[in-house]
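Student: Okay, here's the structure, questions in a sec.
The values are calculated or read from the model by the stated rules, or taken from the named source; none is laboratory data. Every value quoted in this text rests on a predicted model; they were computed, and no experiment measured them. Every residue, glycine as well, gets a Cβ built from its backbone with ideal geometry; the counts of neighbours run over all protein chains shown. Heavy atoms of the whole protein, side chains included, go into the accessibility calculation; ligands, DNA and RNA do not. Shrake-Rupley method; radii C 1.70, N 1.55, O 1.52, S 1.80 Å.
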Amino acid sequence: MSLETLWLALLGLLLAGYFVLGGYDYGAQMLSPFLGSADPGPRPGAGTGTGPDRRNAALDAIAPFFLGNEVWLVAFAGVMFGAFPHLEGSLLSGLYPLIVAILAGLVLGNAAIQLRGRSRGARAAKVWNALVVLGGALPAVCWGIVVGLLLHGVPRRADGSFHVGAGDVFGPFALTCGVATALLFAGHGAAFVALRSEPGTATAARRLGATLLAAAGAAGALALLLSVFGAGASMTRTGTSVVLFALVVAALAAGWWFLGRGRDTLAFTATCLATALPVLLIGAGQYPYLLSASAGGGITVDDAVADGATLKVLIGFGVVVVPLILLYQGWSWWAFRGRTGRRHPSYF
């Protein structure tokens, strides 16, 4: 395996890991108003907060992993900056408004989750809760639009630069992908809450998650229909793309099936696959292009990758940092295994 292929695989792994782990964070945030309180009692150490109970079952489920999952996004950005500098320059400049919206949603959601328990009065709590939902929905929708744009192809100017206008962002295919991704992340978050919560909350999360996964499948079918009629994805490897799309559908169906039967671990495994596969669809379905142009062509792996000497220097990053991320993630899951309220009081 060449160094270029190795770094491309690592780039895809980090983005897929972020979609899986950050995806259930965003999903839990979006579902937080619909899953009720974690228990009827007051939150210990709430201090100055007054009014209704601040605890929330969905946020309790993600509490031990909150913010830690964003490490995958940081690592992805680091690999892109170091190993694929030409992709980074073209991608970030072309998708700048969406990247800013994603970062704004991250900051907004993180701040709202931290501050909601310190609010005074029911009205202030409602405002923070609404911002928690917005902080999850905004990145989810924007990431879906980014996926849609990358699958469809980004407009390229005469000077070779890429630019995304309002017409591209609000095009039918990009918006459909945005809605489908938000529904998928929400269903993924519901599966995670079902896996982590007490029986009453888990039952509600299963019902909600099954509905959301079915809706995500319907949105995906619409995206496929748009592609069939030439208004959607433009793939260089059609056979590979069809297989990967079929795997996404199968993962969604499996998640829906297992949620309906209370098989939380298998349901969460299926939704993990469903959230990771779109990254593989972009990478394998459009290979050798990393960033395709809507008019054809684009930036290939050879165009985007750094020189061989730089890639060799960066090997230390992959050998040291990535295993550390995996070890940290594995330790946190082991340390906070079990359902909330049984082994640990994990809540904000």
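Student: Working out 0.36 nm times the residue gap between Arg207 and Ser93, then minus their Cα-Cα distance, what length gain in nm do you get to one decimal? Each step should come with its number before you reach the end.
Tutor: Values: separation 114, 0.36 × 114 = 41.04 nm, distance 4.09 nm.
Value of the extension gain: 36.9 nm.
Student: So, one more: Compute for the stretch 130-266: radius of gyration divided by Kirkwood radius, i.e. Rg/Rh, restricted to C-alpha atoms, rounded to two decimals.
Tutor: 1.05
Student: Sorted by average packing, counted as other Cβ atoms within 10 angstrom per residue and highest first, what order do 178-187, 107-116 take?
Tutor: Values: 178-187: 28.0, 107-116: 18.1.
So the order, starting with the most tightly packed, is 178-187, 107-116.
Student: Across every pair of different alpha-carbon atoms, what Kirkwood hydrodynamic radius in Å does the stretch 213-344 reach? Please report the intermediate quantities before stating the final value.
Tutor: Working: mean 1/r = 0.0553 Å⁻¹.
Hydrodynamic radius (Kirkwood, Cα pairs) of the stretch 213-344 is 18.1 Å.
Student: Sticking with this one: Could you work out what % of the accessible surface of the chain is carbon and sulfur, using a 1.4 angstrom probe and leaving DNA, RNA and ligands out of the count? Walk me through the intermediate numbers first.
Tutor: Working: 10710 of 15330 Å².
That share works out to 70 percent.
Student: Tell me the angle of helix 122-152 to the major Cα principal axis of the chain, expressed in degrees between 0 and 90 and rounded to the nearest ten.
Tutor: For 122-152 against the chain, the angle is about 20 degrees.
Student: Could you provide, to the nearest whole Å², the per residue accessible area of the chain with probe 1.4 Å? Spell out each step's value before the answer.
Tutor: Working: 15330 Å² over 348 residues.
The answer is 44 Å² per residue.
Student: Now for a separate question. Test of understanding: in a Gaussian network model of the chain with alpha carbons linked when under 10 Å, which of Val133, Val100, Val193 would top the mean-square fluctuation ranking?
Tutor: Result for the chain, Cα springs under 10 Å: Val100 fluctuates most.
Student: I would also like to ask the following. Averaged across orientations, what area in nm² does the convex hull of the alpha carbons in the stretch 69-175 project?
Tutor: 8.1 nm²
Student: So, one more: If you bin the C-alpha pair distances of the stretch 126-183 every 5 Å from 0, what whole percents do you get?
Tutor: 4, 20, 23, 18, 14, 10, 7, 3, 2, 1
Student: I've got another one for you. Rounded to the nearest 0.05, what FRET efficiency do Lys312 and Phe34 have when you use their Cβ-Cβ distance and R0 = 41 Å?
Tutor: Numbers: r = 50 Å, r/R0 = 1.22.
Efficiency at R0 = 41 Å is approximately 0.25.
Student: Could I ask something else about it? How do the peptides 199-208, 24-33, 57-66 rank, highest first, by the average count of neighbouring beta carbon atoms within 10 Å per residue?
Tutor: Values: 199-208: 18.7, 24-33: 27.8, 57-66: 24.6.
Top of the packing list down: 24-33, 57-66, 199-208.
Student: On full extension of the chain, what length is gained from Leu224 through Trp334, given 0.36 nm per residue of separation minus the C-alpha to C-alpha distance?
Tutor: Taking 0.36 nm per residue and subtracting the Cα distance, the gain is 35.7 nm.
Student: Still on this structure: Ranked highest first by the average count of other Cβ atoms within 10 Å around their residues, in what order do 138-149, 164-175, 280-291 fall? Write down the numbers at each step before the final one.
Tutor: Values: 138-149: 25.5, 164-175: 15.9, 280-291: 20.8.
Those peptides, ordered most packed to least, come out 138-149, 280-291, 164-175.
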